[in-house]
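Single-structure report; data block below.
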Amino acid sequence: MINALQADYGIPGLVSIVSGVNGLPKVVITHASGSSMEIYLHGAHITSWKDAAGHELFFLSRESWFAPGKPIRGGIPVIFPQFGGGVLPSHGFARTGDWRLLKTSVSDSGRVVVEMSLTESPETMAMWPHKFSLKLKALLDEQTLTVSYHVANTGDSDFDFQAVLHTYFYVADISQTAIHGLKGTTLIDSLRDRVREVEDREVIRFSGETDRIYVNAPDRVQLDDEGDRRTITITKTGMPDVVVWNPWISKSQKMPDFGDDEYERMVCIETGLIDNPLCLDPKGEWQGETTFSASSIQS
Ligand code: TA6
C-alpha cells in the first residue's frame, strides 16, 4: 500500500509516503525552505509541523496510541461531527477514520499541498445515519501551515454537526506561556458547569486545569511560547469558536495516552464550530480554515 501511494502521490524531495508508527501510512512533506510537516492517513492527523530551522511546533504525546480505532494524542485531531462527549465517541469518529489521500501538489511559489478525504462507512452510518464528505487540505509554506476543512452533506436529509481542529502546540514551559487576543470574548467554562462569562484578561496564563470554549472569538489569537522565545499566530476564517485547554496534573494522570508531566509542555488552542452546531441541508457545504504562523519573539 505504501509503495502504491508513493508511486501515485510522491513528489521527489518534497512529498513522500512512508510507514509511520506501527506501520500506519504517513505523508512527510518538506518545503524548499526546510520547514516540514507530517500527516497520517489515520484521522488525516497532522502529527508534526517544524519550522525551517527544524524546531517542532506541535506537541505529540510520547504515550500516544497509533492504532486503528484510537485517536492520536497531539498534533491536530480532526473533530467531526461531534465536539466532546455525547451520543457518539468523544469528539466524533473523523479523528479515527481511514482517510483517503486525494492529491499532492506544489505551487509556483513552492507551497506544498496535501489533500485527504473521508466519507461515510457502514460503521459511521450505524452510529450517525448521514452521508457526508469531509476534505482536509494542508498547505505548507516557509513560515506558515494552513489547514482547510470542508464538510458536505451528500445525503438526502439535513444534519447538524460540529467541526474542530483540536490543535496541540508544543511549549517549552506552560508557566512561561501566554495567550493574547481573547479579552472581551464570551467564554464557556467546561470546568464550572459550563458557566458563561466574559474573558477580562489581556493575557491568559496557566496555573491549573483550563478548559474553556471562547464563543465567536476574534479571528486572530497569539500564543507566546516565552520559554522558547517563539510566537505562533493563529488566524481563522469560518471557524467562530476557540478552545483553550490544558489538562494540568490530575487530569494528565488519568489519561493513559498522555504522560503525567506532559501538561508542562503543551497547550491546546482549538478552532472550529462548537457553540452553534451548523445544520446542513442536502448538498449543503461548510468550509473553515486556520493558518498557523511561527516567528521568534523579538527581544
Ligand atoms: O478540547 C478540550 C477537550 O474537550 C477537553 O475537555 C478534553 O476532554 C480534551 O478535549 C481531550 O479529549 P479526548 O477525547 O481527546 O481525550
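The values are calculated or read from the model by the stated rules, or taken from the named source; none is laboratory data. If you're wondering where the values come from, they're calculated on a predicted model, not measured in any experiment. Neighbour counts are summed over all protein chains in view; Cβ atoms, including those assigned to glycine, are modelled from backbone coordinates with ideal geometry. Only protein heavy atoms, including side chains, enter the accessible area calculation; ligands, DNA and RNA are left aside. Shrake-Rupley method; radii C 1.70, N 1.55, O 1.52, S 1.80 Å.
Positive contributions from Lys and Arg (+1) and negative ones from Asp and Glu (-1), summed over other residues with Cβ under 12 Å from the Cβ of G238, come out at -3.
Solvent-accessible surface of the stretch 1-107, taken per residue with a 1.4 Å probe and all protein chains present: 41 Å².
Given R₀ = 22 Å, FRET efficiency for D8-T154 by Cβ-Cβ distance, to 0.05?
Approximately 0.35, to the nearest 0.05.
Backbone amide hydrogens, once placed in the peptide plane, bring G155 within less than 5 Å of K131, K283, excluding anything fewer than 5 places away on its chain. Per-residue ellipticity at 222 nm for the chain, helices alone: DSSP H runs ≥ 4 residues times -39500 (n - 2.57), over residue total, nearest 500 deg cm²/dmol? Theoretical 222 nm ellipticity from helices: -2000 deg cm²/dmol. Computed over the Cα atoms of the stretch 67-153, the ratio of the radius of gyration to the Kirkwood radius (Rg/Rh) comes to 1.01. Think of each Lys and Arg Cβ as +1 and each Asp and Glu Cβ as -1; about the Cα centre, that makes the dipole of the chain roughly 360 debye.
Averaging Cα coordinates gives a centre for the stretch 28-79 and one for the stretch 221-265; these two points are 15 Å apart. Here the accessible area of the chain is 48 percent carbon and sulfur, with a 1.4 angstrom probe and all protein chains present.
Counting every Cα pair in the chain, what percent are over 29 Å apart?
32 percent
Within the shell of other residues whose beta carbon sits under 10 angstrom from the beta carbon of L102, the net charge comes to +3, with Lys and Arg scored +1 and Asp and Glu -1. Would you work out which of L278, A7, G84 lies farthest towards the positive end of the dipole of the chain? Charges go on Cβ: Lys and Arg +1, Asp and Glu -1. Highest projection toward the positive end goes to A7.
Charged side chains reduced to their Cβ positions (Lys and Arg at +1, Asp and Glu at -1) give the stretch 1-99 a dipole of some 200 debye around its Cα centre. Taking θ as phi - 60° and the Karplus parameters 6.51, -1.76 and 1.60, the scalar couplings of the stretch 219-227 work out to 7, 9, 10, 10, 10, 9, 8, 4, x Hz in sequence order, x denoting glycine and proline. Taken one residue at a time, the phi angles of the stretch 230-242 give Karplus couplings (6.51, -1.76, 1.60, θ = phi - 60°) of 10, 10, 10, 9, 10, 10, 10, 9, x, 10, x, 10, 10 Hz. Gly and Pro are set to x.
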